[in-house]
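See structure below.
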Amino acid sequence: MSTELHTRRLYLRELTPDDAEMFCEFLLKNREHFADSGPAYNDEYTDIAFHRKQLERSQNESLDGRHYKFGLFKQTDKNNIIGTVALSNIVMGNFCSCFLGYRIDKNECSNGFATEAVSEVTKFAFNMLKLHRIEANIIPENKASIQVVTKLGFVYEGASEKYLLINGEWQKHLHYTLINDNWE
């Protein structure tokens, strides 16, 4: 059973292999929009079978508490994905930390959906998963994404040169963190 979260306007649920076609369509629709912030769209990345395998891996890692990939849907349309939020590389023990990633459909930008979704997933990470720290790495040019995390209280901790491979090139990223001050 996958995790489901709800906000006033959004329904968030973990994506499963059954969502591969819808997820692939979402990525293809937003190909240009995501070009500066995601992986290169090679032949593999446009293949539904590839995404089915990726979502299977994600589902298995979720069972182990290492990864959660949520699809974002409007409460009024639970069949049309408008974005994703993922918690990845979850490490417990003395670290209790993870990485945060998110995407919003090009037609849904500036509606506050990213902030609303990231806020809810952050609550899930802190309250349900009992994480102490969430890290977000953002390319400097992605002002909208920086605005999302700063609005939610993430703190800038520095920059990392050639940090992630984005669209075939190693890109500088700004490092933001949110600490769970109520961690027990």
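The values are calculated or read from the model by the stated rules, or taken from the named source; none is laboratory data. Quick caveat, the model's predicted, so the values are computed rather than measured. Virtual Cβ from ideal backbone geometry, glycine too; neighbours counted across all protein chains shown. When the accessible area is computed, the model is the full protein with side chains, heavy atoms only, and any ligands, DNA or RNA have been set aside. Shrake-Rupley method; radii C 1.70, N 1.55, O 1.52, S 1.80 Å.
Let me see the P(r) profile for the stretch 1-82: every Cα-Cα distance counted, bins of 5 Å, each bin given as a percent of all pairs.
Binned Cα distances yield the sequence 3, 15, 22, 23, 21, 13, 3, 0.
Percent antiparallel among DSSP beta bridges with both residues in the chain, to the nearest 5?
Of the beta bridges lying entirely in the chain, close to 90 percent run antiparallel.
To the nearest Å, what is the center-to-center distance of the stretch 1-28 and the stretch 155-184, using C-alpha atoms only?
Taking the Cα centre of each part, the stretch 1-28 and the stretch 155-184 sit 25 Å apart.
What FRET efficiency, computed as 1/(1 + (r/R0)^6) with R0 = 30 Å and r the Cβ-Cβ distance, is obtained for Q75 and Q147, rounded to the nearest 0.05?
The calculated FRET efficiency here is 0.80.
Near K69, within a Cβ-to-Cβ distance under 14 Å, what is the net charge of the other residues, with Lys and Arg +1 and Asp and Glu -1?
-1
To the nearest 500 deg cm²/dmol, what mean residue ellipticity at 222 nm is calculated for the chain from DSSP H runs of n ≥ 4 alone, each contributing -39,500 (n - 2.57), summed and divided by the residues?
Taken over the chain, the calculation gives -8000 deg cm²/dmol.
Which pairs, out of K78/K106; K69/K130; K53/K143; K29/K69; K74/K106; K123/K143, put more than 21 Å between their alpha-carbon atoms?
Flagged as over cut-off: K53/K143; K123/K143.
Taking just the alpha-carbon atoms of the stretch 104-184, what radius of gyration and Dmax come out, in angstrom?
For the stretch 104-184, the Cα radius of gyration and maximum Cα-Cα distance read 13.7, 41 Å.
If I take the Cα coordinates of the stretch 82-134 and project them onto the principal axes, what are the three extents in Å, biggest first?
That works out to 40, 18, 12 Å along the principal axes.
Just to be sure I understand, if you calculate percent of Cα pairs over 29 Å apart for this structure, which of [x] 72; [y] 16; [z] 20 do you get?
[y]
For the chain, give the percent of accessible area contributed by carbon and sulfur heavy atoms, probe 1.4 Å, rounded to a whole number.
C and S atoms contribute 47 percent here.
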